[in-house]
């Protein structure tokens, strides 16, 4: 897959296009993407997803509270694995939002993307103030010589419901349910930075994960069973999200303890996949009680890994 952020760099080849944020690239999205890719292969067209970043709500509503399932880089990696030809990431600006529906079709879909087919949801709206709908798009298709394939209400509902359910599951800490809808393990990507060293004192040395993107949805506080690919090797461990209340912490941290691993990975960026939740975050009566709980957490994690991830 080739990723383009400049519309002028897309090759002059006929395409089949779909449009959307595709946050999560979950099982509903994947169904649409596969439909797009198959249409491209059958009709000799390059498959293109046109997505927008920042999220339109971030720009138009200054809604800093919006949290996304994926960072833009995570979204890119998932789409790349599906076999898409092109991912076009269009910078969303207020100026772009004022583009009329016909100008969007003519300037973007036709002149830049060379669209011969557009696969789109029955309820898709576009153009200034989102005042155009799929019937308008079909009319423009007749004018500018491209076909419009409509995604049914059922398929769109699958997409919408899954996104809502995934966010709720993550906020509830139900990582297994979120992963079921995603079709893969929810991931947190960030740089390894030095922490306060509390984990080492407890016999569970940890690496702190710094997530740069403040729009990234972080699941409910608690402990999780996780894995990462480090130097081409899959390493399992435990991840804690929270404020470390036992030592009177008050700022959120994301700390990972990898099992049977002692290599220096500071300042490296890694992806951590979350598989299962162990427990809520809790304030223990003493450091010793916390240490005892960590031993139990590790036992629970190793039992889960042996059952679900044995080679």
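Six or more apart or on different chains, Cβ under 7 Å: which pairs go from a residue in segment 139-162 that's under 16 Å from residue 33 (Cα atoms) to one that's surrounded by fewer than 18 Cβ atoms within 10 Å (Cβ to Cβ)? Could you list them?
Once the first residue is under 16 Å from residue 33 (Cα atoms) and sits in segment 139-162, its partners that are surrounded by fewer than 18 Cβ atoms within 10 Å (Cβ to Cβ) give 148/138; 150/122; 151/122; 152/122; 155/31; 156/122; 156/123; 162/27.
Yes or no: residue 212 assigned to a loop (DSSP other than H, G, I, E, B) and either at pLDDT 90 or above or touching a helix residue (DSSP H, G or I) at 6+ places or on another chain (Cβ under 9 Å) (or both)?
Considered against the rule, which asks whether it is assigned to a loop (DSSP other than H, G, I, E, B) and either at pLDDT 90 or above or touching a helix residue (DSSP H, G or I) at 6+ places or on another chain (Cβ under 9 Å) (or both), residue 212 comes out as yes.
Using the structure shown, decide if residue 242 is modelled with pLDDT under 90, surrounded by 14 or more Cβ atoms within 10 Å (Cβ to Cβ), under 22 Å from residue 214 (Cα atoms) and in the same structural domain as residue 211 (by TED's automatic domain parsing). Spell out the reasoning first.
Details: modelled with pLDDT under 90: no; surrounded by 14 or more Cβ atoms within 10 Å (Cβ to Cβ): yes; under 22 Å from residue 214 (Cα atoms): yes; in the same structural domain as residue 211 (by TED's automatic domain parsing): yes.
Answer is no for this residue.
Please go through segment 279-297 and give me each residue that is buried (at least 19 other Cβ atoms within 10 Å of the Cβ) and either outside the structural domain of residue 232 (by TED's automatic domain parsing) or touching a strand residue (DSSP E or B) at 6+ places or on another chain (Cβ under 7 Å) (or both), ordered by number.
Hit for segment 279-297 is 297, nothing else.
Failed condition for residue 297, given (1) at pLDDT below 90; (2) within 21 Å of residue 177 (Cβ to Cβ), with all others met?
(1)
The values are calculated or read from the model by the stated rules, or taken from the named source; none is laboratory data. It should be emphasised that the depicted structure is a prediction, and the values quoted were computed from it without experimental measurement. We place every Cβ from the backbone using ideal geometry, glycine too, and count neighbours over all the protein chains shown.
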